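The values are calculated or read from the model by the stated rules, or taken from the named source; none is laboratory data. What you are looking at is a predicted structure, and each value in this text was computed from that prediction instead of being measured. Cβ placement follows ideal geometry from the backbone for every residue including glycine, while neighbour counts extend to all protein chains displayed. Note: areas computed on protein heavy atoms with side chains; ligands, DNA, RNA excluded. Shrake-Rupley method; radii C 1.70, N 1.55, O 1.52, S 1.80 Å.
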Amino acid sequence: MSFLSNALGSWWLWGAFAAMLPTAILLLYFLKLKRQPLEVPSTYLWTRTIEDLHVNSIWQRLRQSLLLFLQLLLILLVMFALLRPGWSGRALIGDRFIFLIDASASMAAKDVKPNRLADALKKAGEMIDAMQSGDVGMVISFTNAARVEQTFTSSRTKLKAALADIEQTDRTSDLSEALRAASGLANPGRTGNAEEGDVAVAEALPATLYLFTDGGFDTVPDFSLGNLEPIYTPIGVLDAETSNNVAVVAFNTSRNPERVEQTQAFGRLENYGDADVEVDVELLLNGSVIDAQRTTLPAQGQAGVQFELTDFEQGGLRLVVQHDDDLAVDNSGYAAVNSTRRARILLITPRNDALTMALGTDEAQKLAAVTQLGPEVLPSAGAEAAALTEAQKNYQKAAASARYDLIIYDQCAPLEMPQSNTLFIGRSPPLESWQAGEVLSPPLVIDVDRSHPLMQMVSFDNVTIIEGFSLKPPRGSAVLIDADIGALFAIAPREGFEDAVMGFEIFSVDEKGEVLVNTDWLKRLSFPLFVKNVVEYLGGGRSAQRSTSVQPGAPVTIRTDAPVDKLYITSPSGAVFPPISRERENTFVFGATDVTGLYEVREKPGRGEEVLQRFAVNLFSPRESDLRLRQTIELGAQEVSGEAGWAPARKEMWKWLLLAGLGVLLFEWYVYNRRVYL
Amino acid sequence: MSTSQTTPLLEPALLAQLERLELVSRKIFRGRMKGERRSKRKGQSVEFSDFRSYTPGDDLRFIDWNLYARLDKLFLKLFLEEEDLHFYVLLDASASMDFGDPTKLQYAKQLAAALGFIGLCRADRVRIEQIGPPKQTPGPVLRGRRSMWRMLDYLEQIEPGDNTPLVDGVKNFCLRNSGKGVVVLISDLMEKAGYESALRMLLAQQMDIYVIHLLSPEEIEPDIKGDLKLVDCEDADIAEITVSRPLLNRYKSTLAAFIEHAREFCTRRGMMYLMARTDVPVDRLVMNYLRQRGLVR
């Protein structure tokens, strides 16, 4: 690449140009100055006045012809610009850029100083600096979610400010959402009609996609890059076979099934390095060390640790690996142990011994507190509010305030649906969306959907049902039992709750008032299993028993024993978030789980208040913990290998020369107007 | 220029004022005729000057007989003689004087007429001369109020355009007028060769010299702009200038230096220098500035 590249094409043309222009200017200069004659009494004083200006110095002469020299300088600059001097530099590819910055947990790795994210931001900043005027850029940071930090703009200041706003997170990474955000403009959707055929809804704007990441995410299938030109800039140490990192990849607690007072804590550690390491593992309860173990992790291998805790009801457990490695965030695992919350179930039935017995078992009692009421608590149709009995009023209140997690209506149905999950046995809910068929006998069970949690382990072989009716559940429902007459058991969502409706009764009462058994299901083993499923699934008992742990960024659903309106969440660092309000089903959803650690839930703000429960946010992501740099990443069908992202480019100087020429022109204009002789 | 030609050289009101004035010589000069002023020469007048011893041949009329009676010695009384004053006005009528409104020449004529009138009123010997070549007929010698019209006639006929160098004109004047007296040189001193030698020549005549330096406002604050080719009206010399504020400032400082040099040159040599602008009325110049300078009282 030569320093000069003649813009005029041929050199002789430039030579002629270069020879003629200054000559012409010189000629013009001497020809143009036509002074106006003016008769004066005497030039005596004037000659003496300008005598000083004519003293024999070059500069004095220069001053007289300042304009000429400025003009010559201007034309020299222009001619030099026409020569197009330049040097070899580097430039970005394209004119529309999307900078995708990975801000996931693995980007906090310190294998490059100070860390990968800072390195990525630095490289992206260099690229933004190298943007030409007219180029537009967009900044997207992504973790498991994508965030458009700055939409397309040509302002480098805005882009750099957007870069500065990107913060390290503890989240996992998922490129797909970021890719979708990036491809919105590059690959506009298409629409079609019969006459015009397939047309694009907007003009496609191809863009270069700069990916600043360590590749610590799953491949993105089913994504077509289209007009996006991906350039993967690997952040981290290239060609590293292993990484110096030890991570807690799992940590959990469970009650010892044999000894109830005992809680066991299990941790699984993984060594991503190429050497065996001996690490000390500490278990902390609410911040203080209660146990420690030393374990050896083989190179590229795993090891488990187990701790026994006795007389332990609730609290926050933290498992810490004492190891100095590149990524600190995965050296701790957290587990929240909450006192088990029992589901509250209301059973409204004239009498159902089988159901009462199944709900009365020890296991079921552990999971739920069951209240049984007769159908007389349900207000009858057309009843005046004043005529309601105390029990009816209580029921109404409980149903409206979501006091119960589950209400089972056996051989009866309410006038209004309660604010709870419901199970209707032999009745259809008072909703138009549910349609009940005629009572037919005997329905033959054809199929049972055993993949649904309600029907897990429930076998309907050889179950006889004397009479039943078919159901037409609303849209979005799942049919759990299919019979020859139609759907016999279905479940459908309703504003955050779920209604399960059984098209047959277990016990029925005939016209004479005698209790009849409608099915022999209650004699089977599958019946108590079904009841347990009902308690766990519809009663929410399962979620209450589990100690909640989510990955950073995932929402947490919190249930409380007591009906409260607001909950205050304290982050691991001690900061209190704004209170979250109750949603349907007496649940609270908390989304600001950006940092790993133990979060405390309180009814009132303040550290001294009683902690209702805790939940843990853990990284637990082998992809994030494995710090090895991916040489290539797969985006849909395309495999992108790491590269610098710069294209060799000729850096031109002519713009600056023309700018200087403009400056000279302005100065000349000023001199001409002011006649300033320096 | 044309307007100034029609105005009379001397306004009647000014004449009345001028009648009360008289020309003053800082030196006492010998005149040719008896005049109204004392001379250094001892002579016949009423003003006593000194005594001296009698020597044979002295006029017996001046012996102080009273003294002889007292001292028995002969002393002669000496009296100051009263003489007339030779007053000259040297008028520069070069082309450069034909500028301004009124023109510098017209102004100079008015000034010369005023001064000459004062001299005529006091029976001084007044002569107004134009600086010119030797062959030129000199101005008439005037005496007495009646000569005023001759003086004015002579002044009226002076035309600008006689570009005799100042030094030649002064030399010519000096050759023709050897006597002592008061000479007033009215000129713009714009001489490329320099005015100094001319003034030195006047000085050598032991005359009482007044230099009235006439400048028009156009010369003091030139109102010009643009790229100009200045043409000297006397010798067609050309100066190319591009008018700018710095240049004008520079011109003004040059002019100031020029005036200052002339003043200093005159003051050092006992000449009285007065810079006069043509926009100052003649009567004010005569009644105020020239009185202050001591030319008239």
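Quickly run through region A:366-379 and pick out the residues that are open to solvent by less than 70 Å² (accessible area, probe 1.4 Å) and free of Cβ contacts under 8 Å to residues at least 40 places away in the same chain.
A:ALA369, A:VAL370, A:THR371, A:LEU373, A:GLY374, A:PRO375, A:VAL377, A:LEU378, A:PRO379
Which of (1) more than 26 Å from A:THR587 (Cα to Cα); (2) surrounded by 20 or more Cβ atoms within 10 Å (Cβ to Cβ) is the odd one out, the single condition A:GLU511 does not satisfy?
It fails just one condition, (2).
Given the structure, is B:GLU260 under 30 Å from B:GLU22 (Cα atoms), within 14 Å of chain A (Cβ to nearest Cβ) and surrounded by fewer than 18 Cβ atoms within 10 Å (Cβ to Cβ)?
In short, yes.
Those residues that are part of a strand (DSSP E or B) and touching a residue at least 40 places away in the same chain (Cβ under 8 Å), I need them from region A:473-499; list them, please.
Correct list: A:ALA483, A:GLY486, A:LEU488, A:ALA492, A:ARG494, A:PHE497, A:GLU498, A:ASP499.
Run down B:ARG61, B:ARG41, B:ARG26 and say which single residue is part of a loop (DSSP other than H, G, I, E, B) and either of a type outside the set (Phe, Trp, Tyr) or at pLDDT 70 or above (or both).
Unique residue meeting the criteria: B:ARG26.
I'm checking my understanding of the structure. Among residues of region B:139-161 that are out of contact with any strand residue (DSSP E or B) (no Cβ under 7 Å at 6 or more places or on another chain) and assigned to a loop (DSSP other than H, G, I, E, B), which one is farthest from B:LEU91 (Cα to Cα)?
This residue is B:GLY144.
Every residue in region B:102-142 that is hydroxyl-bearing (Ser, Thr, Tyr) and buried (at least 24 other Cβ atoms within 10 Å of the Cβ), please.
Answer for region B:102-142, where residues must be hydroxyl-bearing (Ser, Thr, Tyr) and buried (at least 24 other Cβ atoms within 10 Å of the Cβ): just B:TYR107.
Can you tell me which residues in region B:208-248 are at the interface with another protein chain (Cβ under 9 Å from one of its Cβ atoms), part of a strand (DSSP E or B) and among the charged types (D, E, K, R)?
The answer is B:ASP227, B:LYS229, B:ASP232, B:GLU240.
Report, by residue number, each residue of region A:56-76 that is modelled with pLDDT of 80 or more and open to solvent by less than 30 Å² (accessible area, probe 1.4 Å).
Passing the criteria: A:LEU70, A:ILE75.
Quick one: in region A:383-412, of everything that is at pLDDT 90 or above and of a type in the set (A, V, I, L, M), which residue is nearest to the chain's Cα centre (by Cα)?
A:LEU406
Determine, yes or no, whether A:SER470 is in contact (Cβ under 8 Å) with a residue 12 or more places away in the chain and of a type outside the set (Asp, Glu).
The answer is yes for A:SER470.
Which of the residues belonging to region B:180-206 are open to solvent by 50 Å² or more (accessible area, probe 1.4 Å) and within 14 Å of chain A (Cβ to nearest Cβ)?
Matches in region B:180-206: B:LYS192, B:ALA193.
Among the residues of region A:334-365, what is the count of those that are open to solvent by 30 Å² or more (accessible area, probe 1.4 Å) and of a type in the set (Gly, Ala, Ser)?
Total satisfying the criteria: 2.
Looking at B:VAL286, is it modelled with pLDDT of 90 or more and assigned by TED's automatic domain parsing to the domain that holds B:ALA113?
For B:VAL286, the condition - modelled with pLDDT of 90 or more and assigned by TED's automatic domain parsing to the domain that holds B:ALA113 - is not met.
Pick from A:ARG614, A:ARG630, A:ARG602: which is touching a residue at least 24 places away in the same chain (Cβ under 8 Å) and either open to solvent by 50 Å² or more (accessible area, probe 1.4 Å) or more than 23 Å from the chain's Cα centre (by Cα) (or both)?
None of the other options fit; the residue is A:ARG602.
Could you figure out which of (1) within 11 Å of another protein chain (Cβ to nearest Cβ); (2) part of a strand (DSSP E or B); (3) aromatic (Phe, Trp, Tyr) isn't true of B:TYR251?
The number of the failed condition is (2).
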